[in-house]
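Novice: Pasting a structure below so you can have a look.
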Amino acid sequence: SGVAISTYSELQAEIAAWLQRADLATQIPSFVELATSDFNATLRVPQMEILASTTVTAEWTELPDGFLAIRHIETGDGKRLTFKTPELFAAFVATEAQPTIPIYTVADMSFRMYPAPTSLDVELLYYSAIPELVNSSDTNWLLTQFPSAYLAASLAWGFKFLQDPAGAAGWDAETKRQMAIVTRSSRALTEGASAMAIRVA
């Protein structure tokens, strides 16, 4: 990517340099936080995947920390559970049918399963949020692998803060270009070796 940034403090310094403003030190963390939020709302790449195993013992199970979206959930012996929207889930429950493999939905920051398991081993593959940058030495996989994406997205918010529409539009366009690079490069990881991209919780 061409930009030598590896930590949160280095990213903040680079943002300040590109904005050419020494008086935005208190705002720059907000630009980075907003950029991270945008990435979490948009990106769904292998680096964000986590494979977790758990035993479900009730109808409702709290979602894992950082949960963004599910890829799939299956029983310990490899049977995939069927997802239904909350509305279709409720309609199915109302029929009192008893599926051999539970169905599930996501509501109220929880998984909900029917029939309610008493002890069901499951494997869950889900997208997890990109870790926030808080301390000066912090980093995360996106900043490490694609620092230009972080810089562009943060600068877009910086120029919006400065009420510079042209600057903001230019950096928004660059952010979209960088996001496409992240997605394209990350998808290449899955070609023939998808398991290498999955982190185990």
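The values are calculated or read from the model by the stated rules, or taken from the named source; none is laboratory data. None of the values given here were measured: they were computed from a predicted structure. Here Cβ is always computed from backbone atoms with ideal geometry, including for glycine, and neighbour counts include all displayed protein chains. Ligands, DNA and RNA are excluded from the accessible area calculation, which covers all protein heavy atoms including side chains. Shrake-Rupley method; radii C 1.70, N 1.55, O 1.52, S 1.80 Å.
Novice: Here are some residues: 90, 94. Which one is over 18 Å from residue 123 (Cα atoms), hydrophobic (A, V, I, L, M, F, W, C) and surrounded by 13 or more Cβ atoms within 10 Å (Cβ to Cβ)?
Specialist: Values: 94 fails: surrounded by 13 or more Cβ atoms within 10 Å (Cβ to Cβ).
From the options 90, 94, the qualifying one is 90.
Novice: Confirm whether residue 43 is closer than 30 Å to residue 158 by Cβ and open to solvent by less than 30 Å² (accessible area, probe 1.4 Å).
Specialist: Details: closer than 30 Å to residue 158 by Cβ: yes; open to solvent by less than 30 Å² (accessible area, probe 1.4 Å): yes.
Spelling it out, residue 43 is indeed closer than 30 Å to residue 158 by Cβ and open to solvent by less than 30 Å² (accessible area, probe 1.4 Å).
Novice: Those residues that are closer than 18 Å to residue 184 by Cα and either of a type in the set (A, V, I, L, M, F, W, C) or modelled with pLDDT under 95 (or both), I need them from region 12-41; list them, please.
Specialist: 39, 41
Novice: If you take the residues in region 132-176 that are in a loop (DSSP other than H, G, I, E, B) and of a type outside the set (S, T, N, Q), which one is nearest to the chain's Cα centre (by Cα)?
Specialist: Within region 132-176, the subset in a loop (DSSP other than H, G, I, E, B) is 132-140, 146, 162-164.
Applying the additional criterion that residues be of a type outside the set (S, T, N, Q) yields 132-134, 138, 146, 162, 164.
Working: 132: 11, 133: 14, 134: 17, 138: 17, 146: 15, 162: 28, 164: 29 Å.
This residue is 132.
Novice: Go through (1) within 14 Å of residue 39 (Cα to Cα); (2) open to solvent by less than 50 Å² (accessible area, probe 1.4 Å) for residue 138 and report which single condition fails.
Specialist: Tallying (1) within 14 Å of residue 39 (Cα to Cα); (2) open to solvent by less than 50 Å² (accessible area, probe 1.4 Å), residue 138 fails exactly one: (1).
Novice: Right, something else. Within region 90-108, count every residue that is farther than 30 Å from residue 132 by Cβ and under 25 Å from the mean Cα position of the chain (by Cα). Explain how you work it out, then say what you get.
Specialist: Step one: filter region 90-108 for residues farther than 30 Å from residue 132 by Cβ, giving 90-103.
Those still in the list that are under 25 Å from the mean Cα position of the chain (by Cα) too: 103.
Adding up the residues that qualify gives 1.
Novice: So residue 10 passes all but one of these: (1) open to solvent by 70 Å² or more (accessible area, probe 1.4 Å); (2) closer than 16 Å to residue 151 by Cβ; (3) touching a residue at least 40 places away in the same chain (Cβ under 8 Å). Which condition number does it fail?
Specialist: Result: residue 10 fails condition (3) only.
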